[in-house]
Amino acid sequence: MEKLFVRSAFCLLIFLLHSFHLEHNTKMAATKAMERGFKLILGSQSMARKRILTEMGYDFTIVTADIDEKAIRKEKPEDLVVAIAEAKTNEIISKLGGENQYVNDSQPTLLITADTVVVYKGVIREKPNSKEEAREFIKGYSGSHGGVVGSVIVSNLKTGVRRGGWDKAEVYFHEIPEQVIDDLIDDAITFKVAGGLTLEHPLISPFIDSVVGGVDTVMGLPKELTEKFINDVL
């Protein structure tokens, strides 16, 4: 697994560079999938995942899964994120009419699903359910650290071949002021991400001390795994 050690100033720089290059990458995105002869579906509405996949050079459509993630329980975070991504895959395939719809296509269609959780002091944290829980989550990170475990599953809908796995990273924080915590809680995005933690948020990025592991894993889509699984299923 690629290891990165990123200081807080660079975290903000990464966010700005992502935004700066997004338009250019969007123009180039169609090339990679078209040249390799397949279509791509992303099973997520996550802005971060869409940005990462675009930066990887892919054009894609979006189909989301309607599942109850809370109904899927596993003791280990690695097992949980893989199980939820699998459930998303199966639900989307069913929504699309089943894999038989793609068997006779001239080009394969690949489906990518993913899931992410935060692990704090051995406890799995998913999306916060309330402002109180969000405050508890963010205050816990202040002057401390949290682990991020993220999965990705790539399925070839024409052949039925599927590959999946997980990656992890650790995020270390400086002390986060109470006012910043209040402002984060007032931002709806806090309740849409695992552990209430979004690395690229301009309010939180100045208080990130370092990241050990892949920044893309923290943001929701491990690039290295995704690229590997795309190659594996073709």
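Cβ under 12 Å from Thr226's Cβ, Thr226 left aside: what net charge do those residues give with Lys, Arg +1 and Asp, Glu -1?
-2
Full-extension gain between Lys76 and Gln179, please, as 0.36 nm times their residue separation minus the C-alpha to C-alpha distance.
Contour length minus Cα-Cα distance gives 33.7 nm.
Over the chain, with a Gaussian network built from C-alpha contacts below 10 Å, which listed residue (Ala48, Ala33, Ala134) shows the highest mean-square fluctuation?
Comparing Ala48, Ala33, Ala134 in the GNM, the peak value goes to Ala33.
Mind running the shape call on segment 159-211? Use the C-alpha gyration tensor, a ≥ b ≥ c as the square roots of the eigenvalues: rounded below 1.5 for a/c, prolate if a/b tops b/c, oblate otherwise. Display every interim value, and only then the final one.
Working: a/c = 3.98, a/b = 1.93, b/c = 2.06.
Note, shape of segment 159-211 comes out oblate.
Taking Lys131 as the anchor, which aspartates and glutamates have their alpha carbon closer than 19 Å to its alpha carbon, excluding any fewer than eight residues away along the same chain?
Glu178, Asp182, Asp183, Asp186, Asp187
For segment 38-148, compute Rg over Rh where Rg is the Cα radius of gyration and Rh is the Kirkwood radius from the inverse mean 1/r over Cα pairs. Numbers along the way, then the final one.
On the way: Rg = 16.8 Å, Rh = 16.0 Å.
My calculation puts Rg/Rh at 1.05.
Which residue, Phe38, Phe207, Phe137, has the most motion in a Gaussian network model of the chain that connects Cα atoms within less than 10 Å?
Judging by the Gaussian network model, the answer is Phe38.
Which net charge results when you count Lys and Arg as +1 and Asp and Glu as -1 among the other residues whose beta-carbon is under 11 Å from that of Gly143?
-1
Could you work out the per residue convex hull volume over the alpha carbons of the chain, in cubic angstrom?
So the per-residue Cα hull volume is 113 Å³.
In debye, nearest 20: dipole of the chain around its Cα centre with unit charges on the Cβ of K, R (+) and D, E (-)? Working shown, then result.
Working: 28 positive and 34 negative charges, 114 e Å.
It works out to roughly 540 debye.
Take the solvent-accessible surface of the protein heavy atoms, probe 1.4 Å, and return the percent of it on segment 103-234 that carbon and sulfur atoms account for.
After summing per-atom areas, the C and S share lands at 51 percent.
Can you give the FRET efficiency to the nearest 0.05 for Lys32 and Glu170, using r as the Cβ-Cβ distance and R₀ = 41 Å?
On the way: r = 31 Å, r/R0 = 0.75.
The pair Lys32/Glu170 has a calculated efficiency of 0.85.
Per DSSP H run of n ≥ 4, the term is -39500 (n - 2.57); total these for the chain, divide by its residue number, and report the mean residue ellipticity at 222 nm rounded to 500 deg cm²/dmol.
Computed ellipticity for the chain at 222 nm equals -12500 deg cm²/dmol.
Go through Lys70/Lys228; Lys39/Lys192; Lys127/Lys158; Lys88/Lys139; Lys127/Lys228; Lys158/Lys228 and tell me which ones have a Cα-Cα distance over 26 Å in this structure. Mind dumping the intermediate values first?
Working: Lys70/Lys228 29 Å; Lys39/Lys192 28 Å; Lys127/Lys158 33 Å; Lys88/Lys139 31 Å; Lys127/Lys228 28 Å; Lys158/Lys228 18 Å.
In this structure, Lys70/Lys228; Lys39/Lys192; Lys127/Lys158; Lys88/Lys139; Lys127/Lys228 lie more than 26 Å apart at Cα.
Provide the packing ranking of 57-63, 86-92, i.e. peptides ordered by the mean count of other C-beta atoms within 10 Å per residue, highest first.
Details: 57-63: 16.6, 86-92: 19.9.
Top to bottom by mean Cβ count within 10 Å: 86-92, 57-63.
What distance in nm separates the simple spin-label points at His145 and Ser106, each placed 7 Å from Cα in the Cβ direction?
Each label point lies 7 Å from its Cα, and together they span 5.3 nm.
Farthest toward the dipole's positive end in the chain, which of Ala134, Asn156, Ile181, given Cβ charges of +1 (Lys, Arg) and -1 (Asp, Glu) about the Cα centre?
Of the listed residues, the answer is Asn156.
Applying 1/(1 + (r/R0)^6) with R0 = 22 Å to the Cβ-Cβ distance of Glu133 and Val212, what FRET efficiency is obtained, to the nearest 0.05?
Calculated value: 0.25.
What does the charge count near Val63 come to, summing +1 for each Lys or Arg and -1 for each Asp or Glu among other residues with Cβ under 15 Å from its Cβ? Could the numbers behind the result be given before it?
Values: positive: Lys39, Arg49, Lys50, Lys88, Lys95; negative: Asp59, Asp66, Glu91, Glu99.
Once positives and negatives cancel, what remains is +1.
The values are calculated or read from the model by the stated rules, or taken from the named source; none is laboratory data. Bear in mind the structure is a predicted one, so any value in this text is a computation, not a measurement. Ideal geometry is used to build each Cβ from the backbone, glycine not excepted, and the neighbour counts take in all protein chains shown. Surface accessibility is based on the protein's heavy atoms, side chains included, excluding ligands, DNA and RNA. Shrake-Rupley method; radii C 1.70, N 1.55, O 1.52, S 1.80 Å.
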